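See structure below.
The values are calculated or read from the model by the stated rules, or taken from the named source; none is laboratory data. Since the model is a prediction, treat every value here as computed from it, not as a measurement. Here the Cβ positions follow ideal geometry from the backbone for every residue, glycine too, while neighbour counts run over all protein chains shown.
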Amino acid sequence: TGTKRKQAQQETTQSVSVLSERDTIGMQNGFDVFSRLPNVTMQSDAWLPTVRGLDGNGVATGGGGAVSGANPRLSNYVDGVARTYGAAPDGQVSFWDMAQVEIYRGAQSTQLGQNSLAGAIVQTTQDPKFKDEFAAQVGARNERRTFNAAVMANKALGEQWALRFTAEGMDGKNPIDYSNFTGTGLSADDRDELGKLRYGRLRFKTLYAPTDVLTFKLTVEQERRQHAYTPDIGAGSSRRE
């Protein structure tokens, strides 16, 4: 859906990978996808991947790009809405209740804007369905205790109207020990706060389909994340959004 041309894909310089919900089982977010794609690499100090040798971060790298406003070279869309570069340091969107992920390698500026020189990642979440569904997920990771949980509930209100609600959360500790971090003269409580990892996402979608060709869909979403800034930013404070 990202590019519409009359030529066959073999006649262009572009390459497309499409992953369904089944393909993303065991993956946490977009970083897991990037690590498995050909000609796509993740650098230790980068927020966005390098595609075919073209750095997705743009002119500025790491936290410098987040505060300088530099345009990235890889765009990220979720349900048709651009995920701004300011959100890139906070990680990729979780794959919980994700319907499809499309990864475009090669310039997509015609369809997806000027920030798509290296390519784009286009994600689509599950729409409400006209049947009742429920799903839940719990997980635990070691190395300083990290827990996560997620739920999904879908309710059909007749044959034309359906609601879908998803929620997920994560709480734990950063593997990096900040107890001895004294670069900015932080107190013990501040250093403890740096080591905390928290993530929460709520999504509500409603679908009204009065006819086979006419549909109305509304999506409301909230995302909150807390984690420590990495050393290249040079700020001894945690980030919340």
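The table below lists the values:
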quantity: Condition check for Asn174: surrounded by fewer than 12 Cβ atoms within 10 Å (Cβ to Cβ) and either over 26 Å from Gly80 (Cβ atoms) or not acidic (Asp, Glu) (or both); calculated: no
quantity: Positions within segment 104-126 being in contact with a Phe, Trp or Tyr (Cβ under 6 Å, 6 or more places away or on another chain) and either surrounded by fewer than 18 Cβ atoms within 10 Å (Cβ to Cβ) or more than 25 Å from Lys217 (Cβ to Cβ) (or both), in sequence order; calculated: Gly119
quantity: Boolean, Gln226 is closer than 26 Å to Phe95 by Cα, in contact with a Ser or Thr (Cβ under 7 Å, 6 or more places away or on another chain) and either at pLDDT 85 or above or not in a helix (DSSP H, G or I) (or both); calculated: yes
